[in-house]
1. Being open to solvent by 80 Å² or more (accessible area, probe 1.4 Å) and over 20 Å from the mean Cα position of the chain (by Cα) is the filter here; which residues of the range 79-91 pass it?
2. What number of residues in the range 93-109 are open to solvent by less than 10 Å² (accessible area, probe 1.4 Å) and touching a helix residue (DSSP H, G or I) at 6+ places or on another chain (Cβ under 8 Å)?
3. Within the range 92-124, track down each residue that is under 20 Å from Ala31 (Cβ atoms), of a type in the set (Val, Ile, Thr) and over 12 Å from the mean Cα position of the chain (by Cα).
4. Within the range 153-175, which residues are open to solvent by 10 Å² or more (accessible area, probe 1.4 Å) and modelled with pLDDT under 75?
5. Under the condition of being at pLDDT 75 or above and either of a type in the set (Lys, Arg) or open to solvent by 80 Å² or more (accessible area, probe 1.4 Å) (or both), which residue from the range 127-152 is farthest from Ile88 (Cα to Cα)?
6. Picking from Asp115, Asp186, Asp178, which residue would you name as being crowded, with 17+ Cβ neighbours inside 10 Å and either at pLDDT 90 or above or not β-branched (Val, Ile, Thr) (or both)?
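The values are calculated or read from the model by the stated rules, or taken from the named source; none is laboratory data. In this text, all values refer to a predicted model and were calculated from it rather than measured experimentally. As a convention, Cβ positions derive from the backbone with ideal geometry for all residues, glycine included, and neighbour counts pool all protein chains shown. The area values use the complete protein model at the heavy-atom level, side chains included, leaving out ligands, DNA and RNA. Shrake-Rupley method; radii C 1.70, N 1.55, O 1.52, S 1.80 Å.
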Amino acid sequence: MTMKRFFIIAAIAMMAFSVASSAQSRFGVTAGMNFNSAKIQDVKMDAQAGWNVGLTYNLDLPLGFSLQPSLVYTQKGAFIGDKDLAGITQKVGAINLPVSVQWGPDLLVARPFIDVTPYVGYSLFNKAEAEVLGVAEEKSGKNAFDYGLGVGAGLNVWKLQVIVRYNWNFGVLGSLKDFTGVDLGDLNAENETFGGISVNVAFFF
C-alpha cells in the first residue's frame, strides 16, 4: 500500500467516524389520524377518518438530513353508496413500515423540514359492512400487501414532532374483489386504491 492510498483511507475513516460520532439518534412513539378516501375505477368512495399508532426512530444525518423509519398499525376506511338507502362501509387494518427522509435547517428552538416517505405494509384485516334500508351484513375480504408514497412537511420542537403529509397508495390493500355477498355491479373492485391526508404527532425519549 502506497503512502498516498494510506492517507486517503485514513481520511475516509476519519470522516466516517466524525459523521457517526456527531449523528444523534432517538426512539419515540407516534400516533395520528388518517383522512382516507378510496377509489374503485372512476368512482370515488367517501372519505372516512382512521388512526395510526406505533414506534419510531430518528437518526440525524449531515447537511440537514434525517432518516426516520417507523413501525405503525394503521386503520383506514371508506364508504360507497347512499347513506339513507344502501351502502358499503369498508375498514382495513394494516401493519406499515414507513421510512421518512427529511430535510430542514436546525433553528435551535425548532426545526422545520420537508418529508418524503415511501412505505410498505400488510393488511391484518379487511372488512366491509353492506347495509340496505337499515339491515347490515358484515363480510371479510382478502389480506394483501401494500405500498405507497407520502409527501409532506413537519416541525420538531424539543422532543415533539408534528408531520402532515399526503399519501398515495399504489397497492391493493383494501380490494373488495374477493368479498362475497357484496354486489358492486360493473365496477372492477380489483383496482381499488386508498389515499389521503395523515396528521401525526411523535414524542421522542
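1. Lys83, Asp84, Leu85
2. Qualifying residue count for the region: 1.
3. If the condition is that a residue be under 20 Å from Ala31 (Cβ atoms), of a type in the set (Val, Ile, Thr) and over 12 Å from the mean Cα position of the chain (by Cα), then Val92 is the only one that fits.
4. Residues satisfying the conditions are Val172, Ser175.
5. If we take residues in the range 127-152 being at pLDDT 75 or above and either of a type in the set (Lys, Arg) or open to solvent by 80 Å² or more (accessible area, probe 1.4 Å) (or both), then Tyr147 is farthest from Ile88 (Cα to Cα).
6. Asp115
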